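Q: One structure follows; several queries about it will come next.
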Amino acid sequence: MMVNSSILKRRNITLKNGKWWAIPWWRQDQYYKDGLFTREQAEVAFNESINVFDDKWMLEHRINSNHSLAIMLLGEGLLYFKFLCSLGLSLHIVREANLLGDLVRRLKNPKEYWEAAAFELKYLSQFLQQGFKVERNYPSGKGKKGKCNCDFKISKDDEIVFVEVKRPKEIHRRNTEIVKKVSHCFLTSISKNDSEGENFTGASLSSKDELQSIWRLITYAANYQIPPEGPGVVIIESPWALDQKEFQEAAGRRFNQTKYSHLSAIVLVRVSFNAANECRICHNINIIKNPKTKIDVSSYSAIGVIHSLNGN
């Protein structure tokens, strides 16, 4: 098939010179039928990705690489298009605000945890798009010599929220496997001319140790990274299907102390890749309020921004 031939041709070119963008497949009409991204947005996004993930970088990480982002750059189809448009536009928005900091290094370095950087980048770009003033690595005044930082201090009008974005390291390997499965599924469907797809999500919660890893991150953020005056919000990606009521009750028990009153809410985000016809990367978002918080942020516009990402 033509698409299969195009992918193989691009991969051969990439093996030789690292220019994964040599055939601009994203300009095909099929990618703009749903209106999610315009052609102008796609050009901005892919130009940003080309500048960040240049030929030199790709030659180091092409094919058989353990850097799953390199696999995404070599794919074609709606899933890859939407992922790369979202990533590229986020990079562009944050770069324009001069807030990239270490994010590009973390995205490119195979020894880093690139998905965590992409997760942080997505939320940072969303706040910027909605007109928030953002300060990155805001000093919390906690920790050894008071040098711990919070990911973002965001403000708009008279609202101020401190945001810490977390992602358990345990899901790095799982998401790498998911990306490889999506890539394999896509290539297999091409060879079979099959229009069916699959959903790939993290495994259901089956171990107390996995749940403990989430609580450790939340507790660390509350103890060391959210400034004591609050209000603080911890956004954490969980690959497991957690029961919201059960988690709410657990949060009430764990944070039923005055020292945690600066933590206003926990945002649980479960990400899944939908490789069916719509080819979407979906975010299932649950916001759990700390019942003992001193500042209720339920009506804050920042919470509205987080809510707006539900399902997207």
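The values are calculated or read from the model by the stated rules, or taken from the named source; none is laboratory data. As the structure is a prediction and not an experimental result, all values here were calculated from the model. Virtual Cβ from ideal backbone geometry, glycine too; neighbours counted across all protein chains shown. Calculation scope for accessible area: heavy atoms of the full protein, side chains included, ligands and nucleic acids excluded. Shrake-Rupley method; radii C 1.70, N 1.55, O 1.52, S 1.80 Å.
Q: For the range 16-32, which residues satisfy the criterion of being surrounded by 16 or more Cβ atoms within 10 Å (Cβ to Cβ) and assigned to a helix (DSSP H, G or I)? It would help to see each step written out before you state the result.
A: At the first step, the residues of the range 16-32 found to be surrounded by 16 or more Cβ atoms within 10 Å (Cβ to Cβ) are 18, 20-21, 25-26, 31-32.
Within the range 16-32, TRP25, TRP26, TYR31, TYR32 qualify.
Q: Mind counting the residues in the range 87-100 that are assigned to a helix (DSSP H, G or I) and of a type outside the set (D, E, K, R)? Steps first, please.
A: Filtering the range 87-100 down to residues assigned to a helix (DSSP H, G or I) leaves 87-96.
Then drop every residue that is not of a type outside the set (D, E, K, R), which leaves 87-94.
So the count comes out to 8.
Q: Another question, then. Given the criteria at negative phi, without any contact (Cβ under 8 Å) to a residue 12 or more places away in the chain and of a type in the set (Ser, Thr, Tyr), does TYR32 qualify? Before you say what the answer is, go through the steps one by one.
A: Details: at negative phi: yes; without any contact (Cβ under 8 Å) to a residue 12 or more places away in the chain: yes; of a type in the set (Ser, Thr, Tyr): yes.
For TYR32, the condition - at negative phi, without any contact (Cβ under 8 Å) to a residue 12 or more places away in the chain and of a type in the set (Ser, Thr, Tyr) - is met.
Q: Filter the range 285-312 down to residues that are part of a loop (DSSP other than H, G, I, E, B), touching a helix residue (DSSP H, G or I) at 6+ places or on another chain (Cβ under 9 Å) and either under 12 Å from VAL161 (Cβ atoms) or open to solvent by less than 50 Å² (accessible area, probe 1.4 Å) (or both), then give me how many there are.
A: The qualifying residues number 4.
Q: To continue, here is another question. Are any residues in the range 101-132 on the phi < 0 side of the Ramachandran plot, surrounded by fewer than 19 Cβ atoms within 10 Å (Cβ to Cβ) and not in a helix (DSSP H, G or I), and if so, which ones?
A: Once the filter is applied, which keeps residues that are on the phi < 0 side of the Ramachandran plot, surrounded by fewer than 19 Cβ atoms within 10 Å (Cβ to Cβ) and not in a helix (DSSP H, G or I), the range 101-132 yields ASP102, ASN109, PRO110, LYS111, GLU112, TYR113, GLN130.
Q: Here's a follow-up. Hand me the list of strands (runs of 3 or more DSSP E) wholly inside the range 134-244 holding 1 or more residues that are in contact with a Phe, Trp or Tyr (Cβ under 6 Å, 6 or more places away or on another chain) and modelled with pLDDT under 55.
A: 199-201
Q: If I ask for residues that are in contact with a Ser or Thr (Cβ under 7 Å, 6 or more places away or on another chain), open to solvent by 10 Å² or more (accessible area, probe 1.4 Å) and not in a loop (DSSP other than H, G, I, E, B), which ones from the range 54-86 would you list?
A: Step one: of the range 54-86, the residues in contact with a Ser or Thr (Cβ under 7 Å, 6 or more places away or on another chain) are 58, 62, 68, 71, 74-76, 84.
Now drop any that are not open to solvent by 10 Å² or more (accessible area, probe 1.4 Å), which leaves 62, 71.
ILE71 - this is the single residue of the range 54-86 that is in contact with a Ser or Thr (Cβ under 7 Å, 6 or more places away or on another chain), open to solvent by 10 Å² or more (accessible area, probe 1.4 Å) and not in a loop (DSSP other than H, G, I, E, B).
Q: While we're here: Have a look at LEU59, LEU100 and point out the one that is without any contact (Cβ under 8 Å) to a residue 12 or more places away in the chain and either of a type outside the set (D, E, K, R) or closer than 22 Å to PHE127 by Cα (or both).
A: Details: LEU59 fails: without any contact (Cβ under 8 Å) to a residue 12 or more places away in the chain.
From the options LEU59, LEU100, the qualifying one is LEU100.
Q: Next up: Quick check on LYS9: is it out of contact with any helix residue (DSSP H, G or I) (no Cβ under 6 Å at 6 or more places or on another chain) and within 25 Å of PHE132 (Cα to Cα)? Show your work before the answer.
A: On the way: out of contact with any helix residue (DSSP H, G or I) (no Cβ under 6 Å at 6 or more places or on another chain): yes; within 25 Å of PHE132 (Cα to Cα): no.
Criteria not met by LYS9.
Q: Can you find even one residue in the range 33-42 that is more than 19 Å from the chain's Cα centre (by Cα), among the small types (Gly, Ala, Ser) and either buried (at least 18 other Cβ atoms within 10 Å of the Cβ) or modelled with pLDDT under 95 (or both)?
A: yes
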